[in-house]
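Below is one structure; the comments refer to it alone.
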């Protein structure tokens with residue numbers, strides 16, 4: 001009798017412990033390699049959201065560095081899947097996402113990312129949820145701002161040779177043609193290129209009236225700095241890398257005059273409200289300025305917490321909840337367009353040449369008309 | 001393209017090549033000293049850039065020459081790191097197959113990369129300028145003080161290294177150990193000391209290159225691979241084991257990349273550079289300035 005009671009009590013204790021056991025959300029992001037800056041933002045945003053909001057749902061994070069190779073991402077995902085997670089925060093690097101998606105599909109585990117590469121939501125996967133506006137949103141904002149607000153007619157484009165760069169360039173070319181301002185010059189630039197003067201010199205020969213950039217952080221700063229130092233004062237509308245405080249920190253405030261950038265949001269530009277509170281908390285916790293990637297991944301992880309709070313337990317339930325519901329995040333309202341694109345708004349921020357904090361110059365809401 | 005634009009591009013290429021020359025020089029010094037490749041040379045360049053950023057507050061904007069004043073400090077600091085590097089990456093493995101040494105240098109390079117990431121963060125950082133202020137305009141060409149500083153500093157350091165190795169007793173001892181360590185030991189030279197000195201000099205030169213490049217081209221924890229690759233190509237083109245070959249190879253790479261990119265594209269420049277490298281390996285494997293035959297790992 002005593003043994004029976006003890007066994008029942010033990011079983012009850014174990015069941016309670018199991019119920020209270022934390023679920024680990026894998027955070028598989030590039031913390032080293034050429035995308036480590038953006039990957040660190042992604043990690044910080046996810047970890048901050050899960051720590052702050054997910055603890056009540058029994059969630060905790062385990063961060064794994066994917067590096068920048070597809071193999072690194074695949075290995076990290078396979079290892080994470082052994083823990084049978086109900087979702088994973090996954091790399092913002094498009095080439096890594098393309099490698100991870102088939103594995104996530106086989107396991108039926110949703111991936112929450114901020115990758116901008118258009119193709120990841122064009123593969124028909126039900127497990128991809130992108131919380132950063134894709135190229136079909138932000139490139140529209142970039143092109144429209146250049147043409148409609150700045151009056152550009154002869155744009156030049158420099159883009160990265162990576163999948164991210166090629167995806168954005170393809171969208172920009174198409175959108176600009178549609179707006180009646182086809183490119184007069186374009187070139188792909190490898191991430192390792194340090195001296196930008198050769199391409200800037202050739203670009204000048206094409207007589208552009210605006211320079212569009214779709215480059216990672218370091219390359220963006222190198223182009224703008226070397227352009228300004230060589231006397232090239234063309235207006236610049238850059239990709240989202242230029243809204244990052246760490247990119248602006250590489251340049252003199254005066255070199256930023258005439259420089260704008262597309263982005264999903266600009267946390268440091270908000271003086272008050274929930275985004276400003278997020279910025280203050282982020283600064284205090286990580287000692288750095290937040291960018292749009294951090295805020296978008298924060299919102300993505302917060303939506304995962306909301307799914308859990310709504311009763312989604314398994315990976316399939318989480319996936320179905322994310323696909324069917326909308327979520328009011330800090331940066332915008334997120335809702336799937338049916339292919340996993342959750343973000344549909346964009347902003348263009350501009351620097352005034354006096355400070356490194358940009359102001360929001362234009363907002364583009366529901367750009368793809370699917371929200 | 002105007003002649004002024006071409007002159008500006010040439011100046012850029014020369015400055016880049018001059019910085020590559022310091023990296024390649026350090027690379028060859030280690031090859032000569034221990035007969036193995038130091039695959040951490042690129043990460044040591046990156047470490048030099050971050051070292052400059054870390055100690056920059058010591059000099060502030062002193063006399064408008066912050067970078068130039070920092071240069072000896074960075075080299076001293078990196079020289080000390082070189083001594084530690086030798087005792088970590090080389091001496092414990094010197095009796096093992098030489099492949100163990102280059103694997104250990106790869107490992108230390110990765111440790112340096114992750115350390116920089118942890119200490120300084122993933123974002124690119126801008127180093128102190130060698131000379132503050134705007135450059136002079138000569139015949140319509142704006143001369144960048146930074147570029148002039150890079151060229152002058154690199155020329156000085158290359159010449160000083162050449163003089164040190166060729167004209168001083170210590171330099172001659174280092175060369176003697178490089179040529180035949182057993183014979184050098186037999187005549188009273190202490191090979192371990194000379195090898196340590198070689199590592200210190202090589203790492204100090206890498207650190208100097210890191211400082212020279214950090215302002216104009218920024219520095220980030222992931223830059224090492226690029227610099228390593230350039231040094232390797234420079235040495236292959238210039239001639240394995242030859243100091244002057246390394247310098248020549250590096251200058252040629254800087255000019256080649258910049259000029260070809262100015263007339264075609266970066267992709268063509270990159271493809272042609274590797275094409276030239278393959279041609280060199282096929283038809284002139286000993287490089288433009290060949291050394292006498294010797295086993296390399």
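What follows is calculated from the coordinates using simple rules that are stated; it is not laboratory data. Quantities reported herein were computed from a predicted structural model and do not represent experimental measurements. Every residue, glycine as well, gets a Cβ built from its backbone with ideal geometry; the counts of neighbours run over all protein chains shown.
Considering only alpha-carbon pairs that sit under 8 angstrom and 6 or more positions apart, the relative contact order computed for chain A is 18 percent.
Between the range B:170-212 and the range B:59-137, what is the C-alpha centre distance in whole Å? Taking the Cα centre of each part, the range B:170-212 and the range B:59-137 sit 18 Å apart.
The range A:157-217 and the range A:130-150 have their alpha-carbon centroids 15 Å apart.
Ordered by the count of other Cβ atoms within 10 Å of each Cβ, fewest first, B:266, A:334 give B:266, A:334. Sorting A:350, A:260 from the fewest to the most surrounding beta carbons within 10 angstrom yields A:350, A:260. Over chain A, the ratio between the Cα radius of gyration and 2.2 N^0.38 Å evaluates to 1.05. Secondary-structure-derived ellipticity at 222 nm for chain B, considering helices only, amounts to -24500 deg cm²/dmol, per-run term -39500 (n - 2.57) for DSSP H runs with n ≥ 4. The coefficient of translational diffusion for the protein assembly as shown, derived via Stokes-Einstein from the alpha carbon Kirkwood radius under 37 °C and 0.692 mPa s, stands at 123 µm²/s. The Cα center of the range A:249-265 and the Cα center of the range B:223-293 differ in position by 36 Å. Expressed as a fraction of 2.2 N^0.38 Å, the C-alpha radius of gyration for the range A:104-234 is 1.17.
Shape verdict for the range B:205-268, please, from the Cα gyration tensor: rounded (a/c under 1.5), prolate (a/b greater than b/c) or oblate. Judged from the Cα gyration tensor, the range B:205-268 comes out oblate (a/c at least 1.5, b/c at or above a/b). Straightening the chain between residue A:153 and residue A:352 buys 69.4 nm, computed as 0.36 nm per residue apart minus the Cα-Cα spacing. Across peptide A:32-42, the mean count of Cβ atoms from other chains lying within 10 Å of each residue's own Cβ comes to 4. The convex hull defined by the C-alpha atoms of the range A:277-322 has an orientation-averaged projected area of 3.8 nm².
The mean count of C-beta atoms from other chains within 10 Å of the C-beta of residues in B:213-224, rounded to a whole number, is 4. Temperature 37 °C, viscosity 0.692 mPa s: under these conditions the Stokes-Einstein estimate for chain B, based on its Kirkwood radius over C-alpha pairs, is 169 µm² per second. For the range A:212-371, just say rounded, prolate or oblate: build the C-alpha gyration tensor, square-root its eigenvalues into a ≥ b ≥ c, call rounded for a/c under 1.5, and beyond that prolate if a/b exceeds b/c, oblate if not. Cα axes put the range A:212-371 in the prolate bin. Only Cα pairs under 8 Å and 6+ residues apart enter the sum, and on that basis the relative contact order of the range A:21-82 stands at 45 percent.
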